[in-house]
Ligand SMILES: [Zn+2]
């Protein structure tokens, strides 16, 4: 879900909308226009229902944005800059430049979101009950937005990390055990249990009762589970590789191939050394990297006449690092760009090769043997 586009910038914070939001926008407007509004206010034209539906959906969209700004403004106030806000299918994410430094900060930043939604729900709900006359389309639209803000607040307070409720739970555990990583593990654990519970209930609803709303529960549970796992591994990267440089992890016993080798010779190298990739070097010049993946499109009968130079990934398309690049940063970059390997170069000379597999092996070692 990387396909987002920027729609505006408020107080210096870019606001992006994920493609999935367009779908929810359409589904929401459709449900409101075709079923909800006709059921609460009868006898209007379908044009009126549609216009009201679209305006209501826009207000709802604004409510989610205001929720995110609740988080962002408190974060900025606490000295944590906000990179951007992205609105997804189920709500939004305020991307902070760094993790909160203390449990107290995390508690405040996180609680601000649901509190904002709750406040909107109370104001609009109060307005509806005390001032408006029920039964006309404007009042009912306002009441609908009030209810949805209440749902946004309550849903986000479910203690499943990385939902707001899970973050609040983590900050409380963190406050007591003084260990952010352990607190995160506990919060992700609770989130896992809840997400499996949601998926289980969803399955029962679908298969025992034939209730298709169960599919939403399964989907939601799965999303929360994935999000929890990935934010935990990000944190583990940071903790495992903190202070380490690429030079401590790269392999320096380099086996290279020449750009003039043919693919028969290259195949021999793959079979003999059992590496997944070779740097392509001629003299002192590094031309790029060649992987098994590069070979697979060339039919076998053409191997003898095809040279490595024709299939290699050129140096400018390869991830190139210096020996003193920060290792945690590289691991994040490799994970987000889905890159398996990087060449390590110093003053134009190839000095090492760093693979994601090597880094994963180091992480496992670190987990089993401890940080020493
Ligand atoms: Zn939130």
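The values are calculated or read from the model by the stated rules, or taken from the named source; none is laboratory data. Keep in mind it's a predicted model, so treat the numbers as computed, not measured. Cβ sites come from the backbone with ideal geometry, for glycine too, and all protein chains shown count toward neighbours.
Points to keep in mind about this one:
- Members of segment 1-24 found to be assigned to a helix (DSSP H, G or I) and buried (at least 17 other Cβ atoms within 10 Å of the Cβ), listed by number: 21, 24
- Some residue of segment 270-292 being under 30 Å from residue 98 (Cα atoms), in contact with a helix residue (DSSP H, G or I) (Cβ under 6 Å, 6 or more places away or on another chain) and at pLDDT 85 or above: no
- Some residue of segment 95-118 being under 15 Å from the mean Cα position of the chain (by Cα) and buried (at least 21 other Cβ atoms within 10 Å of the Cβ): no
- Take the conditions (1) more than 30 Å from the chain's Cα centre (by Cα); (2) exposed (fewer than 15 other Cβ atoms within 10 Å of the Cβ); residue 316 misses just one of them, which is (1).
- Qualifying residues in segment 165-187 (those that are free of Cβ contacts under 8 Å to residues at least 60 places away in the same chain and within 16 Å of the ligand (Cβ to nearest atom)) - the one surrounded by the most Cβ atoms within 10 Å (Cβ to Cβ): 187
- Single match in 62, 31, 45, 86 (criterion: loosely packed, with under 14 Cβ neighbours inside 10 Å and within 16 Å of the ligand (Cβ to nearest atom)): 62
- From 197, 190, 124, 132, residue being surrounded by fewer than 18 Cβ atoms within 10 Å (Cβ to Cβ), assigned to a helix (DSSP H, G or I) and in contact with a helix residue (DSSP H, G or I) (Cβ under 8 Å, 6 or more places away or on another chain): 197
- None of 220, 190, 194, 212 is within 16 Å of the ligand (Cβ to nearest atom), over 20 Å from residue 96 (Cα atoms) and not assigned by TED's automatic domain parsing to the domain that holds residue 363 except 220.
- Here residue 69 passes the criteria (1) more than 15 Å from the ligand (Cβ to nearest atom); (2) at pLDDT 85 or above; (3) in contact with a helix residue (DSSP H, G or I) (Cβ under 9 Å, 6 or more places away or on another chain) except the one numbered (1).
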